[in-house]
Amino acid sequence: MSFRVVRSSKFRHVYGTALKRDQCFDNIRVSKSSWDSTFCAVNPKFLAIIVESAGGGAFIVMPLSKVGRINPDHPLVGGHKGPVLDIAWCPHNDNVIASGSEDCVVKVWQIPDSGISRTLTEPIVDLIYHQRRVGLVLWHPSAQNVLLTAGSDNLVLIWNVGIGEVMVKIDSHPDIVYSACWNWDGSSLLTTCKDKKIRIINPRTGDIEEEATSHEGSKATRAIFLRSGLVFTTGFSKMSERQYSLRAPDHLSDPIVMVELDTSNGVMFPLYDPDTNLVFLCGKGDSVIRYFEITAEPPFVHYISTFQTPDPQRGIGMMPKRGCDVNSCEISRFFRLNNSGLCQVITFTVPRKSELFQEDLYPDTPGEEPSITAEEWNGGKDAEPLLISLRDGYAPSNKKELKVKRKNVLDKMPPKRGGSTSSMTRSSADSDGDSADAPPTIVQAGVPQKVVDDMMEEIRKLKAMIVKHENRIRSLEAKVTGVAATPLGSGTPALPSTPAPVKQEETKTSNSSPPQSSGEEMAPDEV
């Protein structure tokens, strides 16, 4: 990639530097899952990496200050029953992280400021709806507690994490969703699918506003929204050559730029910096990181340089601009996972002689405060992220814990009868004296009708079984004492006026051996 004229750009001399091994994270058992995920998420406080774990899925969370060799018995976040496929830090709370797994469950976790000292198995909330594995989790850029998840059941769900409920269900994809991306203010959604198409979707209604074929190849594609509203995609050609393209909304089928890079077979992840308009292409299995600048001048996507490393990468995470060092003119920082278990820290810097704050390199960037609530977004309101200045550096704020108004329905077991706060009350039949036959009525808010019906059916069967056993017991007692058996619920048994004479031999026999029922045996319980 060469140019006839040297283009004037402040990012033309950006260079990458790999930190020394003692400033990186080592001895990490990176996940060996074949799912196309970055396996890594980072924010100004913590680094999270999906790792291999026996007996379920887990990921490791470490404070950024804890560099060096990680103990093999380091505590994990391990509440999933299947391998973890994707993780994402909340942009509005650096202590909250979401994880999706092969067990079809999405969990949201709260991490203490000091990190975790023991294995964490209790999430804040379980988000249960998907019927197949969940391979994508993505937070809304400006609305608080809005989380997008996509699974192999071809569903895209948008959750209100604050109450643990689904706000929007999008079922317009005919196959697996490879990637999803919000636009700058979260008013549109961009997805790529296994059917080789990219779609722009209204996230509140699920309506497809525009769709087009992205790349002809059958391998996974990725697409992101740029801050200007343009669409940047990566994929493969029919000859399995890796490509990237730049497209404009309303003209998705006619790319502005379509460039072939190489013939490698690793999926390329486009990582975007909206402040500098730089796109970093990181391929799975590659040993290079290519970076480009996107401008309004042809050829629009300008190749800058390539950062070369000797080892192939297993996964990669990009630090938000809030976590970069403004004093050294650092514009990006990556955490690169190697197959050897090393998490290599790579910084990208613009060479400047001045030690003053460089305003042109650091425009105002999205901060921690959300612009709107989940309810406002669901009601139709859009807002751009609230921006902060990095002139005096960034100091993480002490965020409050994420509060969930109610836990997941499946975690709610009905309290025992007789408790001080019972979620089960008697029905109106109880006042008529038919409490033995009237099932309890659940008044717990938010319980699905199917759960109520199943519980009522189980209670009815248990009552029928108890009545059946009590009738058998009464029948056996009557044969021993000579009293006629009276079924349960038919009133007080009538005693015979003159007891039948009992021979002495029969009495001895009855005392020496248990009575035998005449052809009536205890049948196995039927429920």
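The values are calculated or read from the model by the stated rules, or taken from the named source; none is laboratory data. Keep in mind that this is a model prediction, so the values were computed, not measured. FYI the Cβ positions are ideal-geometry reconstructions off the backbone, even for glycines, and counts take in every protein chain you see. Ligands, DNA and RNA are excluded from the accessible area calculation, which covers all protein heavy atoms including side chains. Shrake-Rupley method; radii C 1.70, N 1.55, O 1.52, S 1.80 Å.
Structure values in brief
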read-out: Number of the condition not met by Lys107 [criteria: (1) charged (D, E, K, R); (2) touching a Gly at 6+ places or on another chain (Cβ under 9 Å); (3) under 26 Å from Met268 (Cα atoms); (4) crowded, with 23+ Cβ neighbours inside 10 Å]; value: (3)
read-out: Subset of the stretch 74-116 (residues that are of a type in the set (Gly, Ala, Ser) and either more than 10 Å from the chain's Cα centre (by Cα) or closer than 18 Å to Ala374 by Cβ (or both)); value: Gly78, Gly79, Gly82, Ala88, Ala98, Ser114, Gly115
read-out: Of all residues in the stretch 206-241 being basic (Lys, Arg) and under 24 Å from Asp286 (Cβ atoms), the one that is surrounded by the fewest Cβ atoms within 10 Å (Cβ to Cβ); value: Lys238
read-out: Tally, over the stretch 319-371, of residues that are more than 25 Å from the chain's Cα centre (by Cα), of a type in the set (A, V, I, L, M), in a loop (DSSP other than H, G, I, E, B) and closer than 21 Å to Tyr272 by Cβ; value: 2
read-out: Residue ID - least open to solvent (accessible area, probe 1.4 Å), chosen from residues in the stretch 242-274 that are touching a Pro at 6+ places or on another chain (Cβ under 7 Å) and more than 22 Å from Leu136 (Cβ to Cβ); value: Leu246
read-out: Failed condition for Val14, given (1) under 25 Å from the mean Cα position of the chain (by Cα); (2) buried (at least 20 other Cβ atoms within 10 Å of the Cβ); value: (1)
read-out: Hits in the stretch 338-372 - residues which are aliphatic (A, V, I, L, M) and over 21 Å from Ser305 (Cα atoms); value: Leu342, Leu356, Ile372
read-out: Pro123 open to solvent by 30 Å² or more (accessible area, probe 1.4 Å), touching a strand residue (DSSP E or B) at 6+ places or on another chain (Cβ under 9 Å) and on the phi < 0 side of the Ramachandran plot; value: no
read-out: Selection from the stretch 178-216 of residues that are in a loop (DSSP other than H, G, I, E, B), among the acidic types (Asp, Glu) and more than 19 Å from Ile372 (Cα to Cα); value: Asp195, Asp207, Glu216
